[in-house]
Amino acid sequence: MSNSIKDQFPVFRQNADEKPIVYLDSAATSQRPESVIKAVDDFYYKHNANPHRGSYQLGIEATEAYENARLKVASFINAKDPSCVIFTRNTTESMNLIAYSYGMNFIKEGDRVVITILEHHSNMIPWQQVCRAKGAKLDYIYADKGGIISDEEIEAKITDGVKLVAATHVSNVLGIKTPIEKIIKRAHEVGAVAAVDAAQSSPHIKLDVEALDADFLAFSGHKLYSPLGVGVLWGKRELLDKMPPFLTGGDMIDSVREQDATWAELPNKFEAGTQNAGGAVGLAAAIDWIESVGFDKIEAVEREIYDYAWAKLKEVPHLTVYGSDKGEHYGAIAFNVDDVHPHDVATILDADGVCIRSGHHCAQPLMGHIGTSSCCRASFAVYNTKEDVDALCASLLKVRKWLGFED
Ligand code: PMP
């Protein structure tokens, strides 16, 4: 199956004498289409200045490029108020912003914070820190071994006394979608605030903050075909308005006196210091690119690849695939080869140009929960093909042979 989408990504255009790259690590970071790389280049070639600073023409152009990127992000996630879109470095910074600005100020002793066992460390450790500092309790919504969260578990864990629920939309290990809509609804029923980690869903699922009715939502540009170093936090205005700044310094103030200061309006209150305007421009170009492909096509192409990969991997001998056959999956499949450390698997696959991730995937409690300390993960984006999956499976068949196992 040829994939004209893949042709738009320069990294896949090898010379005849070069080994093709079979890139199956898009959950770590996606590749970038040429249009994104060119948009970033264009910004630095022609429009670069420090946004919100210079009143000269170039400064105005840089400000416009940066603020247009915010408008683009707002429309991409269906946020009615673009000033509630805050640029950060990544999901990790967005989650820390919520934890340090909202959590440290509005979570009190005896309150409960609830997250799921599927969380990436970046939506776990900030809440551990908040709970430790405030004397609050951190509770977990558990999934079954296949990654499925039941309605009963949501109801049992999100009860009176819970003040904040933070959950991933899609697991970065199992690729399974959580029942995020039910989690948010239940959080609101008990009067809690709901934060969504959309790092792994944003490339695969059309995000709509209005429909989700989340209070906060975070994602990283670099998993979404954009440059490294730009991320997004969206929040409801009534929450963002009452939260103090996370970082302080230039461009986030209204006025400064010797001993104190007042804060700028949103979004500047949360954007201290010089921002990654080139990254924001790249994110806007990535959104243009995604919209030119369309989520209908993205979902259809990825569904076909994912289902094909799931079936093919299940046929590989001596392979344990983690996660339930049931449930909605996006992007990632986790597995282990019997008797072989995941790092060895990844190294052997690399000899064939197959790029997968191995390790604990920044989700150590989930690893323990599914009964392993580490695993391999193949992850897919819209540029992948069935040939990529075939190459993965062919390479996996070699692993145990390389290491001298008889079968
Ligand atoms: N949450 C999830 C679900 C993730 O997969 C990741 C990245 N692997 C993050 C958060 C953190 O993203 P970043 O490293 O871009 O901050």
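The values are calculated or read from the model by the stated rules, or taken from the named source; none is laboratory data. Please read all numbers here as calculations on a predicted model, not as lab measurements. Here the Cβ is made from the backbone with ideal geometry for all residues, glycine too, and neighbour counts use every protein chain on show. Side chains are part of the model used for accessible areas, which takes the heavy atoms of the whole protein and leaves out ligands, DNA and RNA. Shrake-Rupley method; radii C 1.70, N 1.55, O 1.52, S 1.80 Å.
Assuming R0 = 41 Å, what is the FRET efficiency of ASP352 and GLU64, from their Cβ-Cβ distance, to the nearest 0.05?
Numbers: r = 46 Å, r/R0 = 1.13.
Efficiency computed from Cβ-Cβ geometry: 0.35.
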Report, for the chain, the % of DSSP beta bridges that are antiparallel, rounded to 5.
55
Which value results for Rg/Rh of the range 186-280 when Rg is the Cα radius of gyration and Rh the Kirkwood radius based on the inverse mean 1/r?
1.03
TYR140 accessible area, 1.4 Å probe, all protein chains in place, Å² to nearest 10
40
Furthest towards positive pole of dipole, GLN259, GLY175, LEU217, structure part the range 37-291, Cβ charges:
GLY175
Which value, in debye to the nearest 20, describes the size of the charge dipole of the range 221-350 about its Cα centre when Lys and Arg Cβ atoms bear +1, Asp and Glu Cβ atoms bear -1, and nothing else is charged?
200
Computed [θ] at 222 nm, helices only, for the chain once each DSSP H run of length n ≥ 4 contributes -39500 (n - 2.57):
-10500 deg cm²/dmol
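Using 0.36 nm per residue of separation minus the Cα-Cα distance, give me the extension gain between HIS188 and ASP296 in nm, one decimal.
Values: separation 108, 0.36 × 108 = 38.88 nm, distance 3.03 nm.
Extending this stretch completely gives an extra 35.8 nm.
For the chain, what % of the accessible area comes from carbon and sulfur atoms, probe 1.4 Å? Before the final figure, lay out the partial values.
Working: 8530 of 16740 Å².
Within the chain, the accessible surface is 51 percent carbon and sulfur.
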Using C-alpha positions alone, give me the convex hull volume of the range 21-71 per residue in cubic angstrom.
103
For the range 265-334, using Cα atoms only, the Rg and Dmax in Å read 19.2, 59
Rounded to the nearest whole Å², what accessible area per residue is found for the range 37-291 with the 1.4 Å probe?
39
What distance in nm lies between label points placed 7 Å from Cα along the C-beta direction at ASP41 and ARG237?
4.1
What are the residues whose amide H is under 5 Å from the amide H of ALA136, where those residues sit 5 or more places off or on another chain and H is modelled from the backbone?
GLY110
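Classify the range 210-249 as rounded, prolate or oblate, taking a ≥ b ≥ c as the square roots of the eigenvalues of its Cα gyration tensor: rounded when a/c is under 1.5, otherwise prolate if a/b is larger than b/c and oblate if not.
Numbers: a/c = 4.48, a/b = 1.27, b/c = 3.53.
Since a/c reaches 1.5 but b/c is at least a/b, the shape of the range 210-249 is classed as oblate.
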With +1 on each Lys and Arg Cβ and -1 on each Asp and Glu Cβ, how big is the dipole of the range 37-291 about its Cα centre, in debye rounded to the nearest 20?
380
10 Å-binned pair-distance histogram of the chain (Cα, whole percent)
5, 22, 30, 25, 14, 4, 1, 0
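Given 37 °C and 0.692 mPa s, compute D for the range 44-132 with the Stokes-Einstein relation, Rh being the Kirkwood radius over Cα pairs; round to the nearest whole µm²/s.
Using the Kirkwood radius from Cα pairs, D works out to 209 µm²/s.
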To the nearest 0.05, the calculated FRET efficiency linking TYR140 and ASP325 through their beta-carbon distance, R0 being 30 Å, is 0.80
Selected from ALA16, TRP127, ALA27, residue furthest toward positive end of dipole (the chain; charges at beta carbon):
TRP127
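Could you compute how fast the range 208-363 diffuses translationally, taking Rh as the Kirkwood radius over C-alpha pairs and applying Stokes-Einstein at 25 °C with viscosity 0.890 mPa s? Give it in µm² per second.
Numbers: Rh = 19.9 Å.
Rounded, D is 124 µm²/s.
By average Cβ neighbour count within 10 Å, what is the ranking of 100-106, 213-219, 87-93, 243-249 from highest down?
Ranked from most to least packed, the peptides come out as 213-219, 87-93, 100-106, 243-249.
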Got a number for the accessible area of TYR330? Probe 1.4 Å, square angstrom, nearest 10.
30
Ratio of alpha-carbon Rg to the 2.2 N^0.38 Å globular estimate for the range 1-86, to two decimals, please.
1.47
Please find the FRET efficiency linking ALA261 to SER83, where r is the Cβ-Cβ separation and R0 is fixed at 25 Å, and quote it to the nearest 0.05.
0.80
